[in-house]
1. If amide hydrogens are placed 1.01 Å from N in the peptide plane, which non-local residues have theirs closer than 5 Å to the one on H227?
2. Taking amide H positions as placed in the peptide plane 1.01 Å from N, state which residues far from D198 in sequence (5 or more) or on other chains have amide H under 5 Å from it.
3. With a 1.4 Å probe and every protein chain left in place, tell me how much accessible area F142 has, in Å² to the nearest 10.
4. Checking the a/c ratio against 1.5 first, then a/b against b/c, what shape does the Cα gyration tensor give for segment 136-232?
5. Percent of alpha carbon pairs in segment 266-375 separated by more than 22 Å?
6. With θ set to phi - 60°, apply the Karplus curve 6.51 cos²θ - 1.76 cosθ + 1.60 along segment 45-52 and write out the HN-Hα couplings as whole Hz, x wherever there is a Gly or Pro.
7. Computing the accessible area with a 1.4 Å probe over protein heavy atoms, can you report the carbon and sulfur percentage for segment 155-244?
8. Of Y223, Y282, Y171, which has the most accessible area and how do the rest follow, probe 1.4 Å?
Amino acid sequence: MFGIEVLDVVISLIFIYLLFSLFVSAVNEILSQVFKVRGKELRFSIERMIGYKLLKEFYQNPKIDKTRYRSSLFYATPFWKVYRWFRKKWSEQIDLEADNIEKKITSKSNPSVIATETFADTILDLIEDENLRKELFEQAPFLKKIYDRAEGEVEELRLELENWFDEIMVYTSEWYKQKLKYILLALGFLTAVIFNVDSVAIFKTLANNPEARNAVVRQAEAYIESHNIEDGVVITVPSADTAEAVTSDTLNTRHGIHDFLQSQYNDCGATEACQDSVDAVYPTLAGINSAYKKMDRLVHEDIDQLTTALGIGWSSFPDHKSWKDWVIDWSVRILGWLVTAVAISLGAPFWFDLLKKVVNLKNEISKRRGPEKAN
C-alpha cells in the first residue's frame, strides 16, 4: 500500500509539471509570434551563410519578399486605434477595402520558414549576377567550391545548395532548442511565482492529504485517456465529448483577434479550406489566437481544477513569529519555485510520456496485488 501511495504522489507531481509546461509553451508561442523570434533566428542563420552585405539582396528577391507581407500585428485588436494615432501619416495610406493588395499591407516581416527549394533558387539568382556572384563567393568560399565542382550543371549546383541549407537548418534548430531551454526556464520561474506553484509545499500537501492526492491522480488518469502526443505536441484525442467542449470553448474565448479571424472565416464561407487561406494571410494573428485558446482552456479547466484540489495560489500567507521564520519560509518557497521552473523547462512531451509510464506501472502493481491490497 505504501508503494501505491508513493506512486500517487509521483503521478500528481508529474501531472502538475505537465499542465504548467503546457501553459508555459502556450505563453512562449504567443511571445514568439509577437516578437517574430523564428524569423529573426532564420535571418541570423542566413546572414552567417552568405554574409551581411548580401543579406538585403537575398531578402529583397521576389521569391523571398513575397512571403514577407503581413497585416499589422495590432490590426483587429484594441491597440489598433492607438497604433494608427502614433503612426497617423503612414497608417492613413492603408485601405483594407482596396482592390490593390499593396494598400492592405501594414507591415513587412521576415518569413519564419523558407523552403529548401526557395533558398536554392534565390542563391542561384544571386549567382547569375556577376557582381553579386563575386561578393557571394568572397563571403561564402564554400559556394565557390561547389560552383566550380558543378561546372555549369545547374541541377547539380541546386542539389548542393539544398543540402547545404538543410544542414545549416539542422544546426539552427538545435541552437534554437538550446536557447529555448533558457527561455522556458525563465518563463517557468515567472509562472511558478504568479501561480505560487511551490514544489516543496505541494509535495507536503500530496504526502499528507490523501483526498487531495486522489483527486489529482484521478484528474491525471482522465487526462492521459483524453490526450496523446503527435509530432512532439500534446493534443486532445478527438471524440464527441471533446469536440463539443472545444466548440464551446472557442465560442466563449472571445477577444479582438478571435473576433476578427472569425469574421474573416464567415466572409469566405467558414469552410476548412477557407480557414486555412485566412490563416495563411494572417499567420501571426492565427498563431496568437491558437496559443491563447490553448492557454485559456488550460487555465479555466485543468489548472483551475488542480488548484482547487491542492490549494495552489496566493489565497493565504503564513503568520511569521520572527524574522528568522520569515527568512526560512521564503527561502524554502523560492527553492520550491526554482524546482518547478526547472521541471517546466523539460517540456510537456517529456512529462506526458513519463506520466503514462508511471500510471501504467501503478496499474501493473495494482493488478498483481489484487483489488483488496491495492485499496
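The values are calculated or read from the model by the stated rules, or taken from the named source; none is laboratory data. Values in this document were obtained by computation on a predicted structure and should not be read as measured data. FYI the Cβ positions are ideal-geometry reconstructions off the backbone, even for glycines, and counts take in every protein chain you see. To get the accessible areas, we keep the full protein, side chains included, count just its heavy atoms, and leave off ligands, DNA and RNA. Shrake-Rupley method; radii C 1.70, N 1.55, O 1.52, S 1.80 Å.
1. V237
2. Here nothing satisfies the definition.
3. Only protein atoms counted, so the area is about 90 Å².
4. Prolate, because a/c is 1.5 or more and a/b exceeds b/c.
5. Roughly 65 percent, once rounded to a whole number.
6. Working through the residues one at a time gives 5, 5, 4, 5, 7, 10, x, 5 Hz.
7. 59
8. Y171, Y282, Y223
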